[in-house]
Every structure is written in structure tokens, then in C-alpha cells.
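Report on the following structure.
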Amino acid sequence: MLLTCPSCKTKNFLDPYPFWNFKGKTKCAGCSKIWRLETASGACVAGPEPADGQPDLLPGFAEKPDYTPISGPGLTRPAPRARKDAVCRPIPIQRNVRGRIVSGHPLTKGDLVGSRPKFIAEGM
């Protein structure tokens, strides 16, 4: 979705997931004015109208009319991450004898409670 600020003509790109069904306030990254808008199923239903107070959500990206990008804390939202613990760390993978993936982390004996592999590991 695209919100073009009526006062400074900055293009504010609104992320589709948080703004899909949204009713609240957002801030222009170019002039820092607060705009009230309402969206339903990704389409703008009402707004943008001038508002006061703090924004509910910030745009994901913005650019000036001359196509120079605007980003930074307080202006745009940071990029979403898939998992909070997936920052520059690989997921440990456990493979079986044939090379097939068994689990996404090394298994312990406690993880195998009541399973056939535990029965084999204990030799019963």
C-alpha cells in the first residue's frame, strides 16, 4: 500500500500485513505529520486525515519526491525477522545414518521418551 503525504508529497510504503485491516494513525517519514487512516482488505476506506498524538504504526519504507530513500529509527519500522533467535546463527541439524534430517536440534535421551529410537538406544 502507498500513502502519499498530502503536505510534503513523500511516498510512505505501508507493509501489507500490519496495515491489511488497520484503523489508526501513522506518521509521514518526510515531514513527521500524523495521519489517521482506515484500511480494509488492503484498500484504503477512509483517510488520510490530519490527527494528533502518537502514531500506532510507522511505514516500512519511504522516499522523497526526488526518489531519495528515507529510513531510520522513528521514521520507518525496522525490517521484520523470521525468528528473534535467527540472527546470524545457523540452526543445528541432526541427521540419521542415511543422511536424512531427523530434527532441527540435537536430540537428548529425554527427548526420546516413549519413542522407538529410545527403545533401540537403551537396548531393550
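For the stretch 34-50, the candidate set comprises residues that are touching a residue at least 24 places away in the same chain (Cβ under 8 Å) and crowded, with 18+ Cβ neighbours inside 10 Å; within that set, the residue that is farthest from the chain's Cα centre (by Cα) is Pro48. Among the residues of the stretch 53-72, is any farther than 19 Å from Phe13 by Cβ, in contact with a strand residue (DSSP E or B) (Cβ under 9 Å, 6 or more places away or on another chain), modelled with pLDDT of 85 or more and part of a loop (DSSP other than H, G, I, E, B)? Scanning the stretch 53-72, I find at least one residue that is farther than 19 Å from Phe13 by Cβ, in contact with a strand residue (DSSP E or B) (Cβ under 9 Å, 6 or more places away or on another chain), modelled with pLDDT of 85 or more and part of a loop (DSSP other than H, G, I, E, B), so the answer is yes.
Take Lys23 and tell me if it is touching a residue at least 24 places away in the same chain (Cβ under 8 Å), among the charged types (D, E, K, R) and either outside any strand (DSSP E or B) or surrounded by 12 or more Cβ atoms within 10 Å (Cβ to Cβ) (or both).
On the way: touching a residue at least 24 places away in the same chain (Cβ under 8 Å): no; among the charged types (D, E, K, R): yes; either outside any strand (DSSP E or B) or surrounded by 12 or more Cβ atoms within 10 Å (Cβ to Cβ) (or both): yes.
Here the answer is no, as Lys23 does not meet what is asked.
Within the stretch 1-20, which residues are surrounded by fewer than 14 Cβ atoms within 10 Å (Cβ to Cβ) and outside any loop (DSSP other than H, G, I, E, B)? Selection gives Leu2, Thr4.
The values are calculated or read from the model by the stated rules, or taken from the named source; none is laboratory data. Please read these numbers as outputs of a predicted model, since none were measured by experiment. Here the Cβ is made from the backbone with ideal geometry for all residues, glycine too, and neighbour counts use every protein chain on show.
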